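The values are calculated or read from the model by the stated rules, or taken from the named source; none is laboratory data. Keep in mind the model is a prediction, meaning the values are calculated, not measured. Every residue, glycine among them, receives a Cβ derived from its backbone with ideal geometry; neighbour counts consider all protein chains shown.
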């Protein structure tokens, strides 16, 4: 039986801790792969904004720094390979930037592969196309002319094809998060696309590590009790040929891999545990076995799978107006009452001057306002300070810009005890709505190619 495949994760989102990949290969130099998951639902919208300002900014530039941090490791003979969705809206440009960086470091022998074809914006926006919102059932006509991005979640088969072609670094656009892990398993073990139980196991393994440190205790219920929570280790899975895996982390790192942390991550964002859908396989978690086999080592087995759905999920985003948030600290007697009254007065003054907001929100932070619907355990009358946060949204930019100029005057026209305007004038920010829908797989043509 072949040895388990060791796959780590070094990024759970775009903006995760820098320098993790270099630490991982120093801590665990025998890693076969490191995955990087940069793309949340809104990430491609942010990249669209950046690309509008700079045509070369449609990908996660952080990944170039990651490659740079690993150059000495590769020069010394390290063989760990990388799989990342850092390509975002422009995986080809990302790959070219990596190629240039490797050439500069005399590492041009490392092969780079690109997976593209996930961009389905043209198909989704074409006349007559019907892509109903999965959550609301609404028709696309409501937002078609405002769509900014539309990307299908591709799967693992094309990642595996790139690895079989010898790629040391695979750069993709939108793919399903677990597929970053399933692809290396497909390539390494030689599974068929119909080995559904094995694919299900690998999908579970990918799901466990896709959010970085979470499976090692990040955001865990018992976070306060974790050892060295300031330096929680990033996870790795040792995937066996039957699809089962052992979840662990490098020795000497903080946090913990326990039955609790693993089970919490298993349940994170999965929807129906009996029918977890991916482009590679439909997975049932219902027969999973989770066993602690040693300190910081948890074995997960028993996943079962069926054929994947005939469609790809599409993550589309559209322009949905503008927003801004302004904050002030209010201190002293009746702090909460004064802050709330000041916020209400601000909105009323703007309304009287003709500003129309689609919605607004007045929050007094420290009173339970940060989680609406959950009452604070502390009575407002006992608080002597609060942070007033006023938020507005509008279909056009003008009323929001006016709002941003009206926060500072509360320092002199508001209640006594107003302090803390250190953050300066609020910024007007675009709002992007999320439009999940489905597209027939036959309409999407993934493209894999080596760039060097």
I'd like the residue in the stretch 130-168 that is buried (at least 17 other Cβ atoms within 10 Å of the Cβ) and out of contact with any strand residue (DSSP E or B) (no Cβ under 9 Å at 6 or more places or on another chain) and, out of all such residues, is nearest to residue 41 (Cα to Cα). 157
Residues of the stretch 327-342 satisfying the condition of being out of contact with any helix residue (DSSP H, G or I) (no Cβ under 7 Å at 6 or more places or on another chain) and part of a strand (DSSP E or B): 327, 329, 331
Could you tell me whether the stretch 387-396 includes any residue that is exposed (fewer than 12 other Cβ atoms within 10 Å of the Cβ), modelled with pLDDT of 95 or more and part of a strand (DSSP E or B)? no
Checking residue 265 against (1) assigned to a helix (DSSP H, G or I); (2) out of contact with any helix residue (DSSP H, G or I) (no Cβ under 7 Å at 6 or more places or on another chain); (3) farther than 29 Å from residue 447 by Cβ, which test does it fail? (2)
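Listed here are the residues, each with its yes/no results for (1) touching a residue at least 24 places away in the same chain (Cβ under 8 Å); (2) under 20 Å from the mean Cα position of the chain (by Cα).
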residue	(1), (2)
259	yes, no
267	no, yes
278	yes, yes
282	yes, no
285	yes, no
292	yes, no
298	yes, no
307	yes, no
Just to verify a result, which residue in the stretch 230-244, among those that are touching a residue at least 60 places away in the same chain (Cβ under 8 Å) and over 19 Å from the mean Cα position of the chain (by Cα), is nearest to residue 288 (Cα to Cα)? 243
Looking at (1) farther than 29 Å from residue 151 by Cα; (2) in contact with a helix residue (DSSP H, G or I) (Cβ under 9 Å, 6 or more places away or on another chain); (3) in a loop (DSSP other than H, G, I, E, B), which one does residue 30 not meet, given that it meets all the others? (2)
Any chance the stretch 158-179 includes a residue that's closer than 24 Å to residue 17 by Cα, in a helix (DSSP H, G or I) and in the same structural domain as residue 288 (by TED's automatic domain parsing)? yes
